Amino acid sequence: MSTIMALSLVLLAVMVLVGGRKGALAFLSLWLNFGCLFLAIVLVSLNFSPIMVALILGILMLALIIFVGQDDLMTTQTAFFAAVLVLLILLVLIVPVEHWAAVQGFGMEDSDELEGLSLLVGVNFVKVSIATAVLSTLGAIAEAAMAISAGLSELIQQHPTIETRALFTAGMHVGQQIIGTTFNTLFFGFFGGFLGLFIWFGDLKYSFGELLNNKVLDAELILVLFSLISVILTVPMTTWVMTKRLQISRKKTA
Amino acid sequence: MGKLKRWWPLLLILVGGLLVLGTRYAAPLYRQSIMQVTASRVTEATKTSDEFKNSDKQYTQYLTGRLLNGQRRGHTVHVKNTYSASGAMDEKYSVGEQVFISHTSKNILIKGLKRDTVMLALLWLAVVLLVVMLHRAGLMALLSVALNLVIFFLAIEIDLARRSDGFLWLFGGLALIFAALTLWLILGPTKQMLITFAATVTGTALSIGLSALVLALTHHNGIYYETMAYVTQVAPQPLFLAATLLGSLGAVMDESTDIVATLFELRDDKPTISALELFQAGRQVGTAIMGPLINVLLLIFIAETMPIALLLLKNGNSWGYTFSMTMSLGMAQSLISGIGIVLAIPVVSFLASRLLVTKAGVSK
């Protein structure tokens, strides 16, 4: 049996043991997301526009992460709308920055890996770098949006008459509570992957100036910074969407 | 004091902005030669096509630039640059950009774009947003990331000095220090922190142990360690395990912190709550957040492989081969992290429920 298959079975087993039906659904959502990612790459290789592919499949993946296995519609719908809005705002930021930084494709450090491959494949790698940035931040956006939205839904249930201004303050407060740990998820998630790269840089004694301008490192750091920025933006955005929803539903009942 | 509090975000924006602008004039600080492009002329365009029927275009660009540092500062130089429309490993330079160059006896070669301005600008944007929107909590998050970075670099220095002897022990120890420091910064020296720390360590250790067992039992079948990028002196296999350990650590801490915080709140709301009820509540909270958390890591680990996977597909490789060569490691990493994230739920719920409630009643 292949190791990936065996690890999947172990994960499925513990997920079902701990989470029951929800656990099984979470497992399903993980593989569906992987399927979307792979599909995105295949579509780009078939010459579909990388940015359109990332945007459409990105929204689908946000839906998969947020809706699969969760029941509370107030929480999930708010989180989804907010996440999509953040994604769109982020795209406005990602497009110029990726053009400006020109960290697309590969750097000198990748030369070994590229041996024997044709690099002139007719795909715009700047657009691919934009797609990569969009896709790698999705998880962080969805997770933060869910956390804020769940916190606010609970608050609304406990205090149905809460004023919108108080709700906004509460949302920012929840954001302050989660930001530290969310940053750590991202920091470690990325830096685990940097381990080999940093040992390489240290081994070959790169100077600070070389590191700051290094294409491979900058490409990675840009992903980290986009993720951090997306999480920060998610906090007020989710709170805002929740406030608007509350105002609208109150108008209807009034 | 009150005045200072209101003004310091503005001060931060101003100082940061000046720093970003300053990088445009920072060339004298660099030892490598830097030129600013003053004129560009694209002369040749050739259509190319490879054996896989990919068509592309290659251009030759003649650049004129002004040297910004070194003995010949202010002199004008001419450089030739070739780039492709796809730009996988090359790029077009435009007027106003600053680029690193290297002189040989007669030739001048372009080494790459100077990226310090854009990097600092993005960092500045992140810091400003963080501090303006989330105030003190944002600063603390920043502080914890900065401290962890310093420790991370120290560990790498130690590893290089020891020529990677005892690599896994070093980075296992590092993970312990990371967890303790980060949780202490977020929660302070409290009982809550101790429980979260114990759960994080136990959950991560269980998942790494279990996964190492699975890897051994399946003889690492389908895991292509040789595809790991940037491997120098460390054997790929320990490097993979250490990277996975660190990668999952943050997510496990994130989740454990959430669960413990909720259980403390529940206990305070309802002091007579039983240990079993607390355990069930912990499981419920954990189940709701484990899915999104695992997806965060999956997307970080797999999205990055997009350029290389694309290149392999475009070079006529099959889906299966492309997966094995570019994503098998990231997928294994995601699954192992997932196991850790799930196992931490019962561990943290059990620990919290036992330590918060005693048989005689509520503990203090």
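With every atom except the alpha carbons ignored, what do you get for Rg and Dmax of segment B:1-126, in angstroms?
Rg then Dmax for segment B:1-126, in Å: 19.4, 70.
Could you give me D for segment B:162-362, from Stokes-Einstein at 4 °C and 1.567 mPa s, where the hydrodynamic radius is the Kirkwood radius over C-alpha pairs? Units µm² s⁻¹, please.
For the chosen part, D equals 71 µm²/s.
What's the average, rounded to a whole number, of partner chain beta-carbon atoms within 10 Å of each residue's beta-carbon in B:47-58?
Counting Cβ atoms of other protein chains within 10 Å of each residue's Cβ and averaging gives 3.
Considering amide H positions built from the backbone, and no H for Pro or chain starts, which residues 5 or more places from residue B:33, or on another chain, come under 5 Å of its amide H?
Amide H to amide H, under 5 Å and 5 or more residues apart or across chains, residue B:33 pairs with B:101.
Across peptide A:168-179, how many C-beta atoms of other chains are within 10 Å of each residue C-beta, on average?
Mean shielding by partner chains, rounded to a whole number: 3.
Rounded to the nearest 0.05, what FRET efficiency do residue B:57 and residue A:63 give with R0 = 35 Å and r taken as the Cβ-Cβ distance? Could you check?
For R0 = 35 Å, the calculated efficiency reads 0.40.
Can you run phi through the Karplus equation (6.51, -1.76, 1.60; θ = phi - 60°) for segment A:57-73 and list ³J(HN,Hα) in whole Hz, with x for Gly and Pro?
Result, rounded to whole Hz: 5, x, 5, 4, 5, 4, 4, 4, 5, 7, 8, 5, x, 10, 9, 6, 5.
How much accessible area does residue B:135 have with a 1.4 Å probe, in Å² rounded to the nearest 10?
Roughly 100 Å² of residue B:135 is accessible to a 1.4 Å probe.
For residue B:270, which aspartates and glutamates qualify as cross-link partners when the Cα separation must be under 20 Å and same-chain residues fewer than eight apart are set aside?
Answer for residue B:270, where 20 Å is the Cα cut-off: A:154, B:258, listed by chain and number.
If you take the C-alpha gyration tensor of chain A, multiply each eigenvalue by 5 and take the square root, what semi-axes do you get, largest first, in whole Å?
In descending order, the three semi-axes are 36, 22, 19 Å.
Which parts of segment B:321-359 would a label at residue B:277 reach, counting a residue when its backbone N lies under 19 Å from a point 7 Å out along Cα-to-Cβ?
Taking a point 7 Å out along Cα→Cβ of residue B:277, the residues of segment B:321-359 whose backbone N falls under 19 Å are B:349-359.
For residue A:205, go through the lysines and keep the ones whose alpha-carbon is under 28 Å away, minus same-chain ones fewer than eight residues off.
Partners found: A:215, B:106, B:111, B:114.
Just to be sure I understand the model, the point goes 7 Å from the Cα along the line to the Cβ. What's the resulting residue B:147 to residue B:24 distance in nm?
With each label placed 7 Å out from Cα toward Cβ, I get 3.8 nm.
Can you pull the one-decimal nm distance between simple spin-label points at residue A:164 and residue B:43, each 7 Å off the Cα toward Cβ?
Roughly 6.4 nm, to one decimal.
Am I reading the B/A interface right? What is its buried accessible area, both sides, 1.4 Å probe, to the nearest 100 Å²?
The buried area between B and A, both sides summed, comes to about 10400 Å².
Accessible area of residue B:90, 1.4 Å probe, to the nearest 10 Å²?
Residue B:90 exposes around 40 Å² with every protein chain in place.
Rounded to the nearest 500 deg cm²/dmol, what is the calculated helix-only ellipticity per residue at 222 nm for the protein assembly as shown, with -39500 (n - 2.57) per DSSP H run of length n ≥ 4?
After summing the helix terms and dividing by residue count, I get -25000 deg cm²/dmol.
What are the GluC sites (Glu not before Pro) within segment A:46-122 that DSSP puts in a loop, where the Cβ has at most 11 other Cβ atoms within 10 Å?
Filter output for segment A:46-122: A:115.
Determine the distance separating the Cα centre of segment B:238-269 from the Cα centre of segment B:98-126; give it in Å without decimals.
Here the two parts' Cα centres lie 39 Å apart.
Taking N as the number of residues in the protein assembly as shown, what is its Cα Rg relative to 2.2 N^0.38 Å?
Cα Rg divided by the expected 2.2 N^0.38 Å: 0.99.
Mind checking B:331-340 for the average number of partner chain beta-carbons within 10 Å of each residue's beta-carbon?
Average neighbour count from other chains, rounded to a whole number: 6.
Setting aside same-chain residues fewer than 8 positions from residue B:53, which aspartates and glutamates have a Cα under 20 Å from its Cα?
The reachable aspartates and glutamates, counting only those whose Cα sits under 20 Å from residue B:53, are A:115.
Starting from the Cα-Cα distance between residue B:36 and residue B:66, subtract it from 0.36 nm times their residue separation and give me the gain in nm to one decimal.
Answer, rounded to one decimal: 10.3 nm.
Please report, for the Cα atoms of chain B, the Rg to one decimal and the Dmax as a whole number; what are they, in angstrom?
Expressed in Å, the Cα Rg and Dmax of chain B come to 26.5, 86.
Arrange the peptides B:71-83, B:16-28 so that the one whose residues have, on average, the most other Cβ atoms within 10 Å appears first.
For the peptides B:71-83, B:16-28, the packing ranking is B:16-28, B:71-83.
Are there any trypsin sites (Lys or Arg not before Pro) in segment B:143-226 that are in a DSSP loop and have at most 16 other Cβ atoms within 10 Å? List them by number.
For trypsin sites (Lys or Arg not before Pro) across segment B:143-226 that sit outside H, G, I, E and B with at most 16 neighbouring Cβ atoms in 10 Å, the list reads B:162, B:163.
Taking amide hydrogens as modeled 1.01 Å from N in the peptide plane, which residues meet the under 5 Å criterion relative to residue B:57, leaving out close sequence neighbours?
Counting only residues 5 or more places away or on other chains, the set is B:48, B:85, B:86.
Let a ≥ b ≥ c be the square roots of the eigenvalues of the Cα gyration tensor of segment B:111-159; is it rounded (a/c under 1.5), or, if not, prolate (a/b larger than b/c) or oblate?
Here segment B:111-159 falls in the oblate category.
The values are calculated or read from the model by the stated rules, or taken from the named source; none is laboratory data. Keep in mind the model is a prediction, meaning the values are calculated, not measured. As a convention, Cβ positions derive from the backbone with ideal geometry for all residues, glycine included, and neighbour counts pool all protein chains shown. Only protein heavy atoms, including side chains, enter the accessible area calculation; ligands, DNA and RNA are left aside. Shrake-Rupley method; radii C 1.70, N 1.55, O 1.52, S 1.80 Å.
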